[in-house]
Every structure is written in C-alpha cells, then in structure tokens.
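Encoded as structure tokens, the structure appears first; notes follow it.
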Amino acid sequence: MSLSDVLDRIDADLPAATDRLIDLLKIPSISTDPAFKADCDRAADWLVADLATMGVTAEKRPTPGHPMVVGHVGEGDPHLLFYGHYDVQPVDPLDLWDRDPFDPEIQDTPKGKVIRGRGAADDKGQLMTFVEALRAWKAVKGDWPCKITFFLEGEEESGSPSLVPFMQENAAELKADVAMICDTGLFQSKTPGITTMLRGLLGEELTITAPDIDLHSGMYGGIARNPIRVLSRIIASLHDETGRITVPGFYDGVPELPDALEAQWQGLAFDHDRFLGDVGLSHPAGEHDRTPLEMIWSRPTCDVNGIWGGYTGDGFKTVLPAQAHAKISFRLVGTQDPLAIRESFRKMVQDMLPPDCTVEFSGHGASAASGADTSGAMFEEARQALSEEWGIPAAYIGCGGSIPIAGHFQSITQTEPMLIGFGRDDDAIHSPNEKYDMESFHKGIRSWARILDAVT
Ligand code: BES
Ligand code: ZN
C-alpha cells in the first residue's frame with residue numbers, strides 16, 4: 001500500500017472526519033474560565049476515546065489545571081511527537097457571533113466551505129489534521145509509520161500554567177526527535193509554510209489606586225488625583241514618537257535581521273496593503289523604518305489589550321474613580337528576557353506614579369521567543385511534502401503569535417520543534433465567528449500523510 005492509497009482514504013473519509021471535528025467543537029473547553037473546567041475535562045476524555053478508536057492508547061493525565069492527553073504508538077525511528085491544544089478562547093462578545101459558537105456547522109462562503117465555531121482553527125481543527133492523517137495511515141497500511149507520541153494540552157490559551165512542571169516531570173517520556181506543532185498558519189492564506197520564528201509573550205495587569213473611594217467629580221474634581229489620568233499618561237509614555245518602546249533595557253537582546261533572512265523575506269513579497277486592508281486598516285503603525293514583515297515577525301511590541309475604570313455603563317455618571325486598570329502585553333523576540341522586562345516595566349510605572357497613588361501588578365505569563373533550527377534533513381523533507389500537496393513551494397516563515405511550548409521542547413526535552421499549520425489570516429481566531437476552511441482541514445490532513453511518508 002502506497003502513499004496515494006493513504007491519500008485516497010483521507011479523501012473518502014473526509015465526511016466522517018468532519019463529523020468527528022464537529023463533535024469535538026461542540027465541547028466548550030474554554031481554559032481560562034473556571035466555569036468551563038468540566039468541559040475541558042470532557043474534551044480531554046473525548047480525545048482519549050477518539051484516539052482509542054484508531055488503536056492509540058492515550059491517557060488523560062492530571063495536572064493542577066486542565067489535564068494533558070498523552071499517548072504513544074508504533075516503534076522505530078524517527079520518534080515523532082505531535083502537539084496541539086484542545087482548549088479554546090472565550091467567546092465574548094457573544095452578540096457579534098452569527099450563531100452559537102459551540103454549535104458548529106459547515107457553511108458555504110464566497111471563498112469556499114468553512115467549519116464555523118470556536119476552536120475550529122485554533123486549535124481543534126488543526127490538531128485533528130494529524131490525528132486524521134494517522135488514522136488513515138493505520139487503516140491503509142495496518143501499522144504506524146514510526147514511534148509516535150501524541151501530546152495534547154488543555155491550557156495553551158491561558159498561558160499553560162501546568163506545562164513546564166509537567167514537561168519536566170515527564171521529560172524522558174516526551175523526548176522525541178522532532179515535535180510537530182500544528183498551531184500556526186499558511187503564509188498569506190495560500191502558501192504552505194514552516195514557521196521558524198515565534199515571538200515570546202509577557203502579560204502584565206496593573207491597578208492604580210488614588211482616593212480610597214469613588215468621589216463626586218464636582219465636589220472633588222480639580223483637587224483629587226484621578227487614577228485614570230495617571231494610567232493614561234503612563235500608557236501614553238510607553239512608546240516614543242518613532243514607535244519605539246521606552247521601557248529601560250527593553251531592546252537588550254533584540255537582534256537585527258540577518259541579511260540572508262531579510263533577502264528571503266523580501267522574496268515572499270508580503271502584501272501588507274491587503275493584510276491591513278482586509279481588517280479595515282491602511283497604514284503600518286509600528287516602529288518607523290521597519291518593514292511590515294519585521295513588524296509582525298521579528299520586532300518586539302507593547303500593546304494595551306484592555307483598559308477600564310470609572311463608569312462605563314449606559315448614560316453618564318460624574319464619578320472620579322478610586323481605581324484604574326489595564327492589561328498590557330509585550331511580544332518579545334531574540335533573547336529578550338521576559339522577567340527582566342517585567343521588572344523594568346514595573347519599576348518604570350512605579351517611578352512615574354505621582355503622590356497619593358499606589359499600584360498593584362499581577363503577571364500573566366512570561367515566555368521568551370523561540371526559533372527552530374531548520375538544518376536537520378527532516379525540515380527539507382517536510383517542506384517538499386508540503387510543496388507537493390499545495391502545488392506552491394512551501395516557505396520558511398515567521399509568526400507574530402506565541403506558542404511557548406516550542407521553546408520548552410528545546411530547553412526541557414532537547415527536541416527540535418517543527419511548526420506546520422494551515423490556518424488563514426481571515427480565520428478570526430480569538431474573535432467572533434472563528435472558522436477553519438474545509439480546504440485547510442482536508443489538505444492539512446493530506447499534508448501530514450505526505451510528511452509522514454517523507455520523513456520515515
Ligand atoms: N495558535 C495561536 C498562535 C498563533 C497566532 C499562530 C496567530 C499563528 C497566528 C496560539 O494558540 C495563541 O493564540 N497563543 C497566544 C499565547 C498564549 C500564551 C495565550 C498568543 O499568541 O496570544
Ligand atoms: Zn493555538
């Protein structure tokens with residue numbers, strides 16, 4: 001039985017594979033919200049049961065947070081580990097969804113068929129691409145291509161608090177030749193890619209308190225310190241007029257793009273007008289003198305993800321609030337040290353506080369950037385397999401998002417990550433009306449079958 005038999009089997013089984021994905025998408029496994037803890041557990045159970053149907057004995061392994069799903073099958077070199085995450089982002093604002101986010105369906109759109117629902121692209125649809133590829137492989141060939149480990153996480157979208165201890169405790173079991181991570185996208189929605197650079201992420205939440213209680217803004221306005229004004233001034237000062245971030249020491253460890261990489265990225269002919277135009281924007285708003293691809297792949301950022309305080313309900317209230325809050329994130333590159341930046345940021349805020357103000361911080365994850373070493377033969381084999389499936393030469397690309405486990409594989413289990421995914425820029429991940437193209441799902445499954453054939 002040859003690769004083409006496996007590909008035929010994948011084509012024939014697509015309706016059943018789609019039904020399985022829809023089943024998984026119905027489980028609201030929102031990891032960040034404790035109200036959905038039982039659902040995260042249920043999603044892990046679903047995966048264990050589904051893997052069992054194809055002959056993989058996987059286990060739901062407890063952690064202090066949501067469980068991991070780990071299973072091993074097959075033997076022989078290379079040892080491939082497949083990683084994906086079964087948790088999803090919250091669905092708010094719910095009123096912007098066209099349908100119940102956990103009642104997924106196949107929809108016809110002008111660009112083709114899509115599976116609409118929370119987690120369709122990030123990451124349940126993607127993680128099922130390699131599950132389905134292996135199911136077809138086993139069904140056709142009667143055996144596994146090599147030693148395979150499944151490692152499926154339920155906390156990725158909430159900063160993976162249990163991941164590092166779990167990987168440390170199970171390092172020998174999780175060590176493989178390559179960790180295949182299916183959680184990234186195609187380049188410009190059509191060119192297959194292997195992601196070689198991921199940004200790190202540092203999350204900071206801060207609350208500034210000035211008066212003890214909310215005050216009448218007529219009675220106290222003018223004399224009393226307003227924490228929203230203090231917070232606004234601090235936030236406004238985080239960037240200079242050229243878009244550079246002003247936190248002291250922030251750029252320590254930020255490398256300039258090597259000439260060879262710059263030339264390769266030029267060759268990708270990134271259409272930033274379209275990238276921005278698709279979301280109603282027209283002007284790159286990052287650091288001056290940086291190319292658009294640098295802005296999203298290789299430069300660090302500071303962004304405000306949320307800001308609140310005072311009265312934000314309907315109507316109007318003349319309140320001078322006691323507190324103001326913000327959630328701020330930094331995307332990190334190169335060897336920027338997340339903990340050093342956290343310390344420097346907190347000190348900068350402290351130093352800017354006027355009298356009568358106090359600040360409290362809480363951290364939300366701190367992970368460094370990571371990069372893949374593509375010199376191993378398997379990278380070129382996988383790249384060729386992808387090119388054959390998609391009919392377009394696959395590219396080595398960057399990714400502005402963060403997948404902290406890629407770096408953990410390198411540092412904890414000495415396993416090189418290989419990041420291959422089939423998401424598209426318009427998938428609306430983390431947003432209302434998330435979808436995954438049926439083409440991504442189908443060709444994604446076929447891609448993994450070709451990659452397995454190429455690397456074994
Ligand atoms: N799948 C995404 C990462 C991603 C984003 C890949 C965009 C390709 C394009 C991943 O699940 C994710 O969203 N990660 C979070 C980090 C996490 C620590 C909360 C992110 O990047 O914000
Ligand atoms: Zn993801």
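The values are calculated or read from the model by the stated rules, or taken from the named source; none is laboratory data. Quick caveat, the model's predicted, so the values are computed rather than measured. In this analysis, Cβ positions are derived from the backbone assuming ideal geometry, glycine residues included, and neighbour counts consider all displayed protein chains. Accessible surface is based on the protein model in full, side chains and every heavy atom, while ligands, DNA and RNA are left aside. Shrake-Rupley method; radii C 1.70, N 1.55, O 1.52, S 1.80 Å.
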* To do: For the range 148-162, enumerate the residues that are within 17 Å of the chain's Cα centre (by Cα) and polar (S, T, N, Q).
  => Ser158, Ser160, Ser162
* Structure fact -> Checking Asp108, Asp177, Asp122, Asp98 in turn, the sole residue that is open to solvent by 10 Å² or more (accessible area, probe 1.4 Å) and within 16 Å of ligand 2 (Cβ to nearest atom) turns out to be Asp122
* Asked: Condition test on Gly423, is it modelled with pLDDT under 95 and within 16 Å of ligand 1 (Cβ to nearest atom)?
  -> no
* To do: Please work out if Thr32 is open to solvent by 60 Å² or more (accessible area, probe 1.4 Å) and either at pLDDT below 95 or under 19 Å from the mean Cα position of the chain (by Cα) (or both).
  => yes
* Structure fact -> Picking from Pro165, Pro145, the residue that is open to solvent by 10 Å² or more (accessible area, probe 1.4 Å), within 21 Å of the chain's Cα centre (by Cα) and more than 23 Å from Thr18 (Cα to Cα) would be Pro165
* Structure fact -> In the range 425-450, anything of a type in the set (A, V, I, L, M, F, W, C), within 14 Å of Ala17 (Cα to Cα) and surrounded by fewer than 24 Cβ atoms within 10 Å (Cβ to Cβ) is listed as Met438
* **Residue ID - nearest to Pro78 (Cα to Cα), chosen from residues in the range 180-202 that are more than 13 Å from the chain's Cα centre (by Cα) and within 16 Å of ligand 2 (Cβ to nearest atom)** => Met180
* **Checking Gly306 against (1) in contact with a strand residue (DSSP E or B) (Cβ under 6 Å, 6 or more places away or on another chain); (2) farther than 17 Å from Gly400 by Cα; (3) touching a residue at least 40 places away in the same chain (Cβ under 8 Å), the condition it does not meet** => (3)
* Structure fact -> Scanning the range 238-264 residue by residue, the ones that are modelled with pLDDT of 95 or more, surrounded by 14 or more Cβ atoms within 10 Å (Cβ to Cβ) and more than 22 Å from Arg342 (Cα to Cα) total 0
* Which of the residues spanning the range 328-364 are closer than 11 Å to Leu206 by Cβ, open to solvent by 70 Å² or more (accessible area, probe 1.4 Å) and not in a strand (DSSP E or B)? -> Gln350
* Residue list for the range 199-211, restricted to those being open to solvent by less than 10 Å² (accessible area, probe 1.4 Å) and either among the hydrophobic types (A, V, I, L, M, F, W, C) or not in a strand (DSSP E or B) (or both) -> Leu202, Leu206, Ile208
* Asked: Does Arg135 fit the bill of being buried (at least 24 other Cβ atoms within 10 Å of the Cβ) and under 17 Å from the mean Cα position of the chain (by Cα)?
  -> no
* To do: Kindly provide the set of residues from the range 256-309 that are over 19 Å from Val333 (Cβ atoms) and in a loop (DSSP other than H, G, I, E, B), ordered by number.
  => Ala269, Asp271, Asp278, Val279, Gly280, Leu281, Ser282, His283
* Within the range 392-417, restricting attention to residues that are within 16 Å of ligand 2 (Cβ to nearest atom) and in a helix (DSSP H, G or I), which residue is surrounded by the most Cβ atoms within 10 Å (Cβ to Cβ)? -> Ala406
* To do: Could you tell me whether Ala428 is among the small types (Gly, Ala, Ser) and away from ligand 1 (no atom under 15 Å from the Cβ)?
  => no
* Structure fact -> Within the range 118-177, the residues that are away from ligand 1 (no atom under 11 Å from the Cβ), assigned to a loop (DSSP other than H, G, I, E, B) and within 23 Å of Leu24 (Cα to Cα) are Arg118, Gly154, Ser162
* Asked: Cβ-Cβ below 6 Å, separation at least six or inter-chain, first residue in the range 6-23 and hydroxyl-bearing (Ser, Thr, Tyr), second open to solvent by less than 30 Å² (accessible area, probe 1.4 Å): which pairs?
  -> none
* To do: Specify the residue that is nearest to Glu287 (Cα to Cα); the eligible residues are those in the range 225-237 that are surrounded by 15 or more Cβ atoms within 10 Å (Cβ to Cβ) and among the hydrophobic types (A, V, I, L, M, F, W, C).
  => Ile235
* Structure fact -> Those residues of the range 418-440 which are in a strand (DSSP E or B) and either within 14 Å of ligand 2 (Cβ to nearest atom) or free of Cβ contacts under 8 Å to residues at least 40 places away in the same chain (or both) amount to Leu419, Ile420, Gly423, Tyr436
